[in-house]
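Following: one structure in structure tokens, then a few remarks.
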Amino acid sequence: GEGLARRSTRPTAHARPARRPPTARPDSSRERLYAALRRTYPFVTVERIRRAGAPTDAATLRLTTRCNQRCPFCQAASPHAEADTPLSELLRAASRIASDLPDATLILTGGEPFLRADMPELLARLLALPGLARIEVQTNAVPLGRKTRPPAFPVSDRLRFLIGMHALRPEVYDACTSTRGQFPRALAGVRRLLDAGATVEINCVVSRLNLAHIPRMPALLAKRLGPKPPPLHFSIMGIPEQREVGGLLVRFRQMLAAIDEAKRRAAGLGVVVVAAL
């Protein structure tokens with residue numbers, strides 16, 4: 001994950017979601033370690049954050065620049081295609097992180113991670129690594145909703161899926177992702193994760209494209225993904241360096257009003273609404 005944007009997705013130029021807890025100032029030795037990791041593995045971003053009030057290390061691995069969506073506010077969008085980072089390099093980086101930063105959180109982002117054919121193997125091997133406290137996959141879930149040969153995934157209490165879903169009506173979803181017809185597959189992918197017992201959170205980047213839709217999302221989430229819908233998280237859109245998005249920005253007070261109304265409507269629906277502001 002974004003001025004109101006998707007929760008982080010890219011080392012350096014990739015989206016850094018406003019969803020993150022406040023950063024904790026690392027000491028100089030940690031800063032040197034972070035810098036060494038970034039030099040050795042240019043697809044890695046490392047930072048010190050606070051989770052549940054305690055400082056911890058968070059490392060983001062950008063698995064691919066390929067994506068099946070073209071969200072106009074995405075900070076991760078690459079101006080040119082790049083080859084996917086080899087599996088062996090990703091595993092080397094993860095092993096180094098697990099060794100040098102024990103109990104770190106590992107975030108897997110893209111592009112769309114599940115466009116990689118080796119994603120199931122990568123997840124299985126990462127979960128087998130000692131030293132990683134948790135693993136988070138940032139995905140739009142569309143590949144997981146394919147009817148033919150959808151990707152496999154493990155289920156673990158150390159693994160969670162953050163789903164970029166910026167609307168729960170097809171026409172608004174299409175506008176937010178610059179696609180057509182992907183919404184049913186995204187929903188099917190989320191249902192598949194939930195049915196398997198995976199830990200899931202929905203992340204919605206607030207922009208002018210979906211501002212009027214925000215208050216309706218809790219009811220739609222309960223309807224489409226009930227009876228125990230995943231938490232609904234709202235993020236601030238960032239400003240991508242490589243594109244002009246001024247027309248998508250919303251005033252802070254308008255965003256607050258829309259999210260407050262969403263929270264009011266969520267009461268009694270069994271929907272947890274969270275905002276990173």
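The values are calculated or read from the model by the stated rules, or taken from the named source; none is laboratory data. Note that the structure is a prediction, hence the values are computed from the model and not measured. Neighbour counts run over all protein chains shown; Cβ positions are idealised from the backbone, glycine included. Just so you know, the surface numbers come from the protein's heavy atoms only, side chains and all, with ligands and any DNA or RNA stripped out. Shrake-Rupley method; radii C 1.70, N 1.55, O 1.52, S 1.80 Å.
Skipping prolines and chain starts, which residues have an amide H placed within reach, meaning under 5 Å, of the one on Arg66, given they are 5 or more residues away or on another chain?
Glu112
Could you work out how far the C-alpha centroid of the range 50-76 sits from that of the range 86-104, in angstrom?
So the separation of the two Cα centres works out to 16 Å.
Is it possible to state the helix-based mean residue ellipticity at 222 nm for the chain, with each DSSP H run of 4+ residues giving -39500 (n - 2.57), the sum divided by total residues, to the nearest 500 deg cm²/dmol? What is it?
Mean residue ellipticity at 222 nm (helix-derived): -9000 deg cm²/dmol.
At 7 Å along Cα-to-Cβ for each site, give me the label-to-label distance between Ser99 and Ala152 in nm.
2.9 nm
Let me check I've understood the local charge: for Arg134, count other residues with C-beta under 12 angstrom from its C-beta, Lys and Arg +1, Asp and Glu -1. What total comes out? Present the calculation step by step, with values, prior to reporting the outcome.
Values: positive: Arg51, Arg158, Arg160; negative: Asp57, Asp103, Glu136, Asp157.
Spelling it out: positives minus negatives among the neighbours equals -1.
Starting with the highest mean, order 139-145, 227-233 by the number of other Cβ atoms within 10 Å, averaged over the residues of each peptide.
Working: 139-145: 25.3, 227-233: 17.6.
Result, highest mean first: 139-145, 227-233.
Ignoring everything but the protein chains, give the 1.4 Å probe accessible area of Thr45 in square angstrom, nearest 10.
20 Å²
Rank-order 107-119, 212-224 by packing density, defined as the average count of other C-beta atoms within 10 Å over each peptide's residues, highest first. Can you show the working numbers first?
Numbers: 107-119: 23.2, 212-224: 19.2.
The peptides rank, most packed first, as 107-119, 212-224.
Would you kindly calculate the translational diffusion coefficient of the range 78-124, applying Stokes-Einstein with the Kirkwood radius from alpha carbon pairs, for 25 °C and a viscosity of 0.890 mPa s, and quote it in µm² s⁻¹ without decimals?
204 µm²/s
Take every DSSP beta bridge with both residues inside the chain and express the antiparallel ones as a percent of the total, to the nearest 5.
Beta bridges within the chain, antiparallel portion: roughly 30 percent.
Highest mean first, what order results for 244-253, 91-100, 126-135 on Cβ atoms within 10 Å?
Values: 244-253: 13.3, 91-100: 17.8, 126-135: 16.3.
Packing order, densest peptide first, comes out as 91-100, 126-135, 244-253.
Which label marks the calculated value of Cα Rg over 2.2 N^0.38 Å, given the options (1) 0.95; (2) 1.60; (3) 1.01?
This structure yields the entry labelled (1).
Where Rh denotes the Kirkwood radius from the mean inverse Cα pair distance, what is Rg over Rh for the range 173-217?
Rg/Rh: 1.02.
Decide, for the range 83-228, between rounded, prolate and oblate: order the square roots of the alpha carbon gyration tensor eigenvalues as a ≥ b ≥ c, take rounded if a/c falls under 1.5, and otherwise choose prolate if a/b is larger than b/c, else oblate.
prolate
Hey, in the chain, which Cys have no second cysteine's beta-carbon closer than 4.7 Å?
For the chain, the answer is Cys67, Cys176, Cys204, because their Cβ atoms have no other cysteine Cβ under 4.7 Å.
How do Val206, Val155, Val273 rank by accessible surface area computed with a 1.4 Å probe, from largest to smallest? Numbers along the way, then the final one.
Working: Val206 5, Val155 75, Val273 25 Å².
The most accessible residue leads, giving Val155, Val273, Val206.
Carbon and sulfur together cover what percent of the accessible area of the range 190-277 at a 1.4 Å probe radius?
Roughly 52 percent, rounded to a whole number.
Accessible surface of Cys74 in the full protein assembly, 1.4 angstrom probe, to the nearest 10 Å²?
For Cys74, the solvent-accessible surface is approximately 20 Å².
On average, how much accessible surface per residue is there in the chain, in Å², for a 1.4 Å probe, leaving out ligands, DNA and RNA?
Ligands and nucleic acids excluded, the figure is 44 Å² per residue.
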